[in-house]
Amino acid sequence: MAAFGSLFMPEMAISWFDGSSWSESQVVSSDSIQLHPGAHVLHYSSTCFEGLKAFRHADGSIKIFRMDQNIARFAQSAELLALPRIDAAQTTRMITEIVARFADEVPAPPGSMYIRPTHFGTEPAIGKAAVPSLTSCQYVLLSPVGDYFAGGDKALRLLIDDQGMRCPPHMGMVKSGGNYAGALRPIMKARAEAQADQVLFCPGGDVQETGAANFLLIDGDEIITKALDESFLHGVTRDSILTLARDRGMKVSERALSIDELLERAAKPGCEAALSGTAAVLAPVGTLIYHGKEYPVGNGGVGATTVKLRQALNDIQWGKAEDRHGWLTSI
Ligand SMILES: Cc1ncc(COP(=O)(O)O)c(C=O)c1O
């Protein structure tokens, strides 16, 4: 299977905002778009995107997971970036229609169809550094993806960074390319210098999130994770895992977690940590690296509760367990 997100369906759904209304959406070839070199997005990063998945069930039906949540976050990102407002009903139609068009290509479990709605400012105006783009474009691109854990379920190594930030605090809830570009160098440095897989951003000692996933600490019967505020991305997977944990009688504590408390709890033999996100669902964290020292989380391996919660979520996505929360949309 090709690397995650590197293979695309040949067509995508697209719509253009001309300053007053969105065009009727069209299905076009996904290999190119035409943009003016002065387009606002290319200079001032007026862009946001989403990531969600469609799954194939054993009866052949195709279901999209929590699409309403991703569209709500997409609309919020556009608003916070001063991009034209999206029409949520139209974006919903664009997603369902393009997934239906490529329904036969949706991989069976453990694969899925990754869906990437994208929105960006198109106005040719390089003098508008401090003025929003009046025009924009949104498209929905599809990428079939395989088993994230194909190489085995490996516990990740996270470098704790208490100095930098993933993005400015007021941009955390915005799923925008600029946030990812800004986090690249710290992540590359952590890979090169500490053989870390990811950076756990903890500005001022406050445990926040990694470059592309939320962080959950699982201490026995309790899950501890940062309470929602505007400084980090409100993951749909985070919310889903916390809901399933509550359903199972676990205690969910959404509150501030300091590096000191994290390291203290991680030292307990049964402690677990995990990263939640659409791509990996719930990936185990085995080692924390802080100020040059390595701290295993619990036994340093793959946690049993992490695997159990991931399985519970996968079972709903794959149609093997009842969708009690109404998370799946049929196409
Ligand atoms: C910065 C960041 N945090 C958290 C997440 C997890 O969000 P979700 O569970 O909605 O995929 C992502 C992934 O999209 C992300 O990029």
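The values are calculated or read from the model by the stated rules, or taken from the named source; none is laboratory data. These numbers come from a predicted model, not from an experiment. Don't worry about glycine lacking a Cβ; one is built from the backbone with ideal geometry, like all the others, and counts go over all protein chains shown. Ligands, DNA and RNA are excluded from the accessible area calculation, which covers all protein heavy atoms including side chains. Shrake-Rupley method; radii C 1.70, N 1.55, O 1.52, S 1.80 Å.
Considering only the other residues whose Cβ falls under 14 Å of the Cβ of Ser253, what net charge follows from Lys and Arg at +1 and Asp and Glu at -1?
It works out to a net charge of +1.
Using a 7 Å offset from Cα along Cα-Cβ at Met188, what residues in region 195-217 end up with backbone N under 19 Å from the label point?
Only 195-201, 211-212 pass the distance filter.
How many nm separate the modelled label positions at His325 and Ala130, each set 7 Å beyond the Cα in the direction of the Cβ?
4.3
From the phi angles alone, apply the Karplus equation (6.51, -1.76, 1.60; θ = phi - 60°) to region 231-245 and give each ³J(HN,Hα) in whole Hz, x where the residue is Gly or Pro.
Going residue by residue, I get 8, 9, 7, 7, x, 6, 5, 3, 4, 5, 5, 5, 5, 5, 5 Hz, with x marking Gly and Pro.
Tell me, in nm to one decimal, what length is gained between Ala227 and His170 on full extension, where the rule is 0.36 nm per residue of separation less the Cα-Cα distance?
Extra length from Ala227 to His170 when fully extended: 19.0 nm.
Average projected area of the Cα convex hull of region 25-131, in nm²?
Average of the hull's projected areas for region 25-131 equals 7.5 nm².
Quick check: residue separation of Ala304 and Asp206 times 0.36 nm, minus the Cα distance between them. What number comes out in nm?
Details: separation 98, 0.36 × 98 = 35.28 nm, distance 2.62 nm.
That pair, Ala304 and Asp206, stretches by 32.7 nm at full extension.
Excluding Tyr44 itself, what net charge comes from residues whose Cβ is under 12 Å from its Cβ, given Lys and Arg +1 and Asp and Glu -1?
Charge balance near Tyr44 sits at 0.
Roughly how much of Ser330 is accessible, in Å² to the nearest 10, using a 1.4 Å probe?
About 70 Å², rounded to the nearest 10.
Expected output is a single nm value to one decimal: the length gained when fully extending between Ala82 and Ser32, i.e. 0.36 nm times separation in residues minus the C-alpha distance. What is it?
15.5 nm
Read phi for every residue in region 68-84 and hand back ³J(HN,Hα) as whole Hz from Karplus 6.51 cos²θ - 1.76 cosθ + 1.60, θ = phi - 60°, with x for Gly and Pro.
For region 68-84, the Karplus-derived couplings read 4, 5, 5, 5, 4, 5, 4, 5, 5, 4, 4, 5, 5, 9, 6, 7, x Hz, x marking Gly and Pro.
Report the residue, chosen from Asp59, Asp161, Asp239, that carries the largest GNM mean-square fluctuation when the chain is represented by alpha-carbon nodes joined by springs under 10 Å.
Of the options given, Asp59 has the highest mean-square fluctuation.
Would you be so kind as to identify which of Thr225, Gly300, Met9 lies farthest towards the positive end of the dipole of the chain, taking Lys and Arg as +1 and Asp and Glu as -1 on Cβ and the Cα centre as origin?
Positive-end residue among those listed: Gly300.
Evaluate 2.2 N^0.38 Å with N set to the residue count of region 98-179, then give the Cα radius of gyration divided by it.
Computed over Cα atoms of region 98-179, the ratio equals 1.60.
Is the shape of the chain best called rounded, prolate or oblate, per the rule: a/c under 1.5 gives rounded, else a/b larger than b/c gives prolate, else oblate, with a ≥ b ≥ c the square roots of the Cα gyration tensor eigenvalues?
Oblate.
Label-point separation (nm) for Ala267 and Glu105, each offset 7 Å from Cα along Cα-to-Cβ?
If labels sit at Ala267 and Glu105, their model points lie 5.3 nm apart.
Residues of region 4-28 with amide nitrogen under 13 Å from the 7 Å Cα-to-Cβ point of Arg93?
Under 13 Å, as judged by backbone N against the label point of Arg93, lie 14-16, 22-27 of region 4-28.
Could you pull out the pairs from Lys175/Lys268; Lys63/Lys268; Lys189/Lys308; Lys128/Lys226; Lys175/Lys320; Lys128/Lys175 whose alpha carbons sit more than 29 Å apart here?
Check vs 29 Å cut-off fails for Lys175/Lys268; Lys63/Lys268; Lys189/Lys308; Lys128/Lys226; Lys175/Lys320.
So, counting K/R as plus one and D/E as minus one, what does the shell of residues with Cβ under 14 Å around Thr237 add up to?
Value of the local net charge: +3.
About the Cα centre of region 219-299, how large is the charge dipole given +1 on each Lys and Arg Cβ and -1 on each Asp and Glu Cβ? Please answer in debye to the nearest 20.
The dipole of region 219-299 has a size of about 140 debye.
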